[in-house]
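Engineer: Just dropping this structure here.
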Amino acid sequence: MLISIRNSLSLIFIALCVVQCSTREEVVPVIPVQELREGDVAFRLGRTLQSDAIAAATQGESRYSHVGVMVGRGDSLRVVHIEPERAGEERVKMESVEEFFHPARAVAGCVARYENLTEWQRQTIEREALRLHAKGVEFDHDYSLEDTLQMYCSELVDYVFRRANVVLTEQRRRVPLVEEDVLFPTDMLKGLQRVWHYDLRPARHN
């Protein structure tokens, strides 16, 4: 039997079974929600083996495995994103900032901003993100950028920014057994200004 793209990706990312890397109770530093705004981009490094594998495919210190885009303002700020799920529907979701960065789901994260967005661009990004959420777009296990019927996390963010005439990155990475080159979360961070970050991982010593 031929191995499906879905199963192949699970093997590539060492994620046939999603395993929690830690069960420790840890508290994320206070998130300055009032300083954040629609159009900001939220990155996190998850606690699963899949997250580790995705982050390991990129270089540098700021390696993240998941990304979403912020909508709303002030206390109503939410993160629109999509991710594979072990159970339930794999559709675009909208969560509070605290839910997105919950310590049970992430060991590190940051919020970054494209500094030169106009008001029209911010509104366009927010509108498109909300439209994808309302449409219930499903997760793309083939990791294809060819259409918007299904999406993966960085594809979603790339799409809403391009609708506002902003290209965050043209970087793509080759993944074995995947027909198209893949857009990784960390590659989108290079053109953004980090406005908040945290890291719960133990400090490394030489």
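Engineer: Restricting to Cα pairs below 8 Å that are 6+ residues apart, what does the relative contact order work out to for region 136-188? Please round to a whole percent.
Structural biologist: 31
Engineer: What is the ratio of the Cα radius of gyration of region 74-157 to 2.2 N^0.38 Å, with N the residue count, to two decimals?
Structural biologist: 1.15
Engineer: What percentages make up the Cα-Cα pair-distance distribution of region 160-206 when the bins are 10 Å wide from 0?
Structural biologist: Spelled out bin by bin, region 160-206 gives 19, 35, 30, 15, 1 percent.
Engineer: Suppose we keep just the DSSP beta bridges with both residues in region 71-206; what percent of those would be antiparallel, to 5?
Structural biologist: Looking only at bridges with both residues in region 71-206, the antiparallel portion is about 85 percent.
Engineer: How would you classify region 56-206 from its alpha-carbon gyration tensor, with a ≥ b ≥ c the square roots of the eigenvalues: rounded for a/c under 1.5, else prolate if a/b is greater than b/c, otherwise oblate?
Structural biologist: rounded
Engineer: What accessible area, in Å² to the nearest ten, does a 1.4 Å probe give for Thr118?
Structural biologist: Using a 1.4 Å probe on the heavy atoms, I get roughly 70 Å².
Engineer: What does the net charge come to around Asp40 if you take all other residues with beta carbon closer than 12 Å to its beta carbon, with K and R at +1 and D and E at -1?
Structural biologist: Once positives and negatives cancel, what remains is +2.
Engineer: Assuming a ≥ b ≥ c are the square roots of the Cα gyration tensor eigenvalues, decide whether region 108-196 counts as rounded (a/c under 1.5), prolate (otherwise, with a/b larger than b/c) or oblate.
Structural biologist: oblate
The values are calculated or read from the model by the stated rules, or taken from the named source; none is laboratory data. What you are looking at is a predicted structure, and each value in this text was computed from that prediction instead of being measured. As a convention, Cβ positions derive from the backbone with ideal geometry for all residues, glycine included, and neighbour counts pool all protein chains shown. Areas reflect the complete protein model, heavy atoms only, side chains present, ligands, DNA and RNA absent. Shrake-Rupley method; radii C 1.70, N 1.55, O 1.52, S 1.80 Å.
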